[in-house]
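Before anything else, here's the structure in question.
The values are calculated or read from the model by the stated rules, or taken from the named source; none is laboratory data. Note that this is a predicted model, so its numbers are computed, not measured. Heads up, the Cβs are rebuilt from the backbone with ideal geometry, glycines too, and the neighbour counts pull from every protein chain shown.
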Amino acid sequence: MRKLAAVLAALLTTGAALTAPAPAQAADPACTGTVRITSMTWSPPQIMPGQGSTLTVVAQNCTDTPQQASFFSYQQFLGSGPGVPPGCPIVEPLPARPVTIEAGGTFTATSRYNTYAGCTATRLLVTAQFTLGSTLLDAGSANLEITAAPPPPGCAVTYRNVSRWAGGFVAEVTIAAIAGAPINGWTLAFDFAGDQSVTGGWNAAIAQTGTTVTARNETWNAVISPAGTATFGIQGTWHDSDAPPRAFTVNGAPCEVR
């Protein structure tokens, strides 16, 4: 298992920013204790392996006098089983940092966390603490959700206007199997980006509801072999726009657009 310090930029870049000293003010009556963590927020709150997120920690001085404390955070990758998930590093805690929070004021720290593409963790748990000597003033934690990267698309779609005139069009659509496996039976779906209406087609059973078009295979072109293609045609009309579709799915799975 790889072990690396949390200060390494490859995993984590962090910067804590103390807000500009504010004039002394009355403490918020809803704030209790000495120093209270009021929020720990991830942006974005969910990532995939290989991506990163920024954690913002905000703390409040609940008293009417300046408070000196140590700010400390530690983090760990967690998965479905015990121990560090495969592909994820052991992360050492960041060193404690002395901070001064003005009377009734706030402290804000931001930390950037990046994950390895091969990390199999389902979440990153970060815990923050404020201490005064050996006394714990407050602690809080926040989970960053890590979702598995989607599998690469097994299909690619090319949409090409073969002919176009005022108020009408003919388009050709080609589906390719690109994942090294055949596509056994296919239903292609897409939304027109304009106001097109389908009036006919060939090599597929084509239907339209609103802007959504579905095209189902015929019996003789149901199987697309690995690296093979199936092509069908659409004829239709348009009034204001013949803009082509921007995204396609085959059997509910998104396809690469070519």
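Can you tell which of 166, 204, 181, 139 is more than 14 Å from residue 248 (Cα to Cα) and not assigned by TED's automatic domain parsing to the domain that holds residue 241?
After ruling out the rest, the residue left standing is 139.
Could I ask something else about it? Among the residues that make up the stretch 182-189, is at least one of them closer than 30 Å to residue 121 by Cβ and surrounded by 15 or more Cβ atoms within 10 Å (Cβ to Cβ)?
For the stretch 182-189, residues closer than 30 Å to residue 121 by Cβ and surrounded by 15 or more Cβ atoms within 10 Å (Cβ to Cβ): absent.
Still on this structure, I have one more. Spot the failing condition for residue 210; the list is (1) at positive phi; (2) in contact (Cβ under 8 Å) with a residue 60 or more places away in the chain, and only one is missed.
So the condition that residue 210 fails would be (2).
While we're on this one: Please enumerate the residues belonging to the stretch 199-232 that are touching a helix residue (DSSP H, G or I) at 6+ places or on another chain (Cβ under 7 Å) and assigned to a strand (DSSP E or B).
230
Among the residues of the stretch 42-101, how many are among the small types (Gly, Ala, Ser) and under 23 Å from the mean Cα position of the chain (by Cα)?
The total comes to 7.
Next question, about the same structure. Which residues, counting only those in the stretch 145-163, are surrounded by fewer than 17 Cβ atoms within 10 Å (Cβ to Cβ) and among the small types (Gly, Ala, Ser)?
Once the filter is applied, which keeps residues that are surrounded by fewer than 17 Cβ atoms within 10 Å (Cβ to Cβ) and among the small types (Gly, Ala, Ser), the stretch 145-163 yields 148, 149, 163.
Could you tell me whether the stretch 242-250 includes any residue that is more than 30 Å from residue 117 (Cα to Cα), of a type in the set (S, T, N, Q) and part of a strand (DSSP E or B)?
no
Hey, another quick one. Which of the residues belonging to the stretch 148-167 are outside any loop (DSSP other than H, G, I, E, B) and either farther than 10 Å from residue 257 by Cα or of a type in the set (A, V, I, L, M) (or both)?
Once the filter is applied, which keeps residues that are outside any loop (DSSP other than H, G, I, E, B) and either farther than 10 Å from residue 257 by Cα or of a type in the set (A, V, I, L, M) (or both), the stretch 148-167 yields 156, 157, 160, 161, 162, 163, 164, 165.
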